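Have a look at the structure below, then the notes.
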Amino acid sequence: MEKVMRLASEKGVVIFSKSSCCLCYAVKILFQELRVNPGVYELDQDPEGREMEKALTRLGCNAPVPAVFIDGKLVGSTNEVMSLHLSGNLIPLLKPYQNLS
C-alpha cells in the first residue's frame, strides 16, 4: 500500500491502469480530451502489480483498475470519474492540472 500511496502523490493526477483494459483506455482518453497529462502506472507491467491491485482494493476502489487519484486522494474507478464529469464536478478538480496552452 505504501508504494501505491507514494506513486499516487507523485503527480497531481495519477491513473493506475492495465494496458489491456478498455475502461482504463476510456479514462485516459477523457483526461487527454480535458487537457490533463496524468501519471499512468500500468500494473500489468510492474513486477509488484498484483500487490498494488490488492492495495487499491483495500483503499476502497470498487474495481482495481482504473484507479484515479487527484491530489493524492482516491477519486475512484470509471463509474466515479464519469459521474463526476457528467455532474460538472470533475473539471474543477482538474483545473490546476490542465494544460491550456
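At 222 nm, what helix-only mean residue ellipticity would the chain give, in deg cm²/dmol to the nearest 500, using -39500 (n - 2.57) for each DSSP H run of four or more? Show your work: numbers first, answer last.
On the way: 5 runs with 43 residues, N = 101.
Taken over the chain, the calculation gives -12000 deg cm²/dmol.
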Open item on the list: Debye calculation, C-alpha points only, no solvent: report log10 I(q)/I(0) for the chain at q = 0.13, 0.15, 0.18, 0.23 Å⁻¹, in the same order as the q values.
Closed with: -0.39, -0.53, -0.77, -1.27
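Given the Cα-Cα distance of L34 and D71 and 0.36 nm per residue of separation, how much length would full extension add, in nm?
Numbers: separation 37, 0.36 × 37 = 13.32 nm, distance 1.66 nm.
Separation in residues times 0.36 nm, less the Cα-Cα distance, equals 11.7 nm.
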Task: Of Q32, L100, S20, farthest towards positive along the dipole that unit charges on Lys, Arg, Asp, Glu beta carbons give the chain - done: L100
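To the nearest 0.05, what FRET efficiency results for M1 and N79 with a Förster distance of 30 Å applied to their C-beta separation?
Details: r = 22 Å, r/R0 = 0.75.
The pair M1/N79 has a calculated efficiency of 0.85.
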Open item on the list: Pairing rule first: another cysteine's C-beta must sit under 4.7 Å. Under that rule, which cysteines of the chain stay single?
Closed with: C22, C61
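In debye, nearest 20, what is the charge dipole magnitude of the chain about its Cα centre with +1 on Lys and Arg Cβ and -1 on Asp and Glu Cβ, if you could check?
Values: 11 positive and 11 negative charges, 40 e Å.
The calculation lands at about 200 debye.
Would you mind calculating the gained length between E10 and K95 on full extension (0.36 nm times residue separation, minus the Cα-Cα distance), in nm to one decimal?
Numbers: separation 85, 0.36 × 85 = 30.60 nm, distance 1.74 nm.
So the extension gain works out to 28.9 nm.
In the chain, what percentage of the DSSP-assigned beta bridges are antiparallel, given to the nearest 5? Walk me through the numbers on the way to the answer.
Numbers: 8 of 12 bridges.
Here the share of antiparallel DSSP bridges comes out near 65 percent.
Read-outs throughout are calculated quantities, based only on the coordinates presented, and are distinct from any laboratory measurement. Because the structure is a prediction, the values reported are computed rather than measured. We place every Cβ from the backbone using ideal geometry, glycine too, and count neighbours over all the protein chains shown.
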